[in-house]
Amino acid sequence: MTDLEKHVNQPGRDKLVKKVREKINELGITYIYYQFISVTGRVVGKGIPADHWERTAEKGFQLVYGSTANLFVDRHKNYIGYGPEAMELVGIPDPETFCQLPWDKRIGRVFVTCFRNREERQNPGGHLTSDCRGNLKIFMDEFQKKHGMEHLLDQVFLNHTVITLINLSH
């Protein structure tokens, strides 16, 4: 089973996906901004109509790998990190991070964990190493397992970006 498949099939995640659908309907949200943190600390992502929530929660969305490096180019006009011929990353939403935007009540936002494309030759569906927030979650899990501790972070400051993490069991 790939990292992507493990992430989608986490215990209790399906219930959270349904709760988000209920919240979308209750609040009248029509559009969702799926976002992640670039290697420079920028919030980047992709907007998708809310009607596609369940499909996107299961299958994710695709976006160019270069988005993790803000689509910057070097002095030779080549994308930094990944060329235009590279596959696309897969973003899988973390439903526990869903909320309505206070400045536009029609829009919701959710953080995603990024994975390598399912069709990659090497490590298909593996964690994307340039996913800052995804790496932080992996390191937290490893720390908790190694030290036998349960630790809930309410807010983590990563490159001056506040990331809210909510324990899946709540």
Worksheet item: So, in nm, how far is label residue 51 from label residue 77 when the simple model puts each one 7 Å beyond its Cα toward the Cβ?
Response: 3.9 nm
Fill in: Residue-count net charge about residue 95 - beta-carbon cut-off 13 Å; Lys, Arg +1, Asp, Glu -1
+1
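Once the Cβ-Cβ distance between residue 144 and residue 123 is put in as r, and R0 is 30 Å, what FRET efficiency do you end up with, to the nearest 0.05?
0.80
Quick one: 48, 37, fewest Cβ neighbours within 10 Å first, how do they rank?
48, 37
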Item to complete: Could you list which residues have their amide H under 5 Å from that of residue 94, counting only those 5 or more apart in sequence or on another chain, with H placed in the peptide plane?
Response: 111, 112, 113
Discussion item. Taking 0.36 nm per residue of sequence separation and subtracting the Cα-Cα distance, how much length would be gained by fully extending the chain between residue 39 and residue 21, in nm to one decimal?
Written reply: 3.4 nm
Item to complete: Just rank 46, 19, 137, fewest to most, by other beta-carbon atoms within 10 angstrom.
Response: 19, 46, 137
Worksheet, complete the sentence: Fewest-first ordering of 74, 14 by Cβ atoms within 10 Å yields 74, 14
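Only the coordinates and a few stated rules stand behind these numbers; no lab work does. This structure is a prediction, so every number in the text was calculated from the model and none was measured. So basically every Cβ, Gly included, is an ideal-geometry build from the backbone, and we count neighbours across all protein chains shown.
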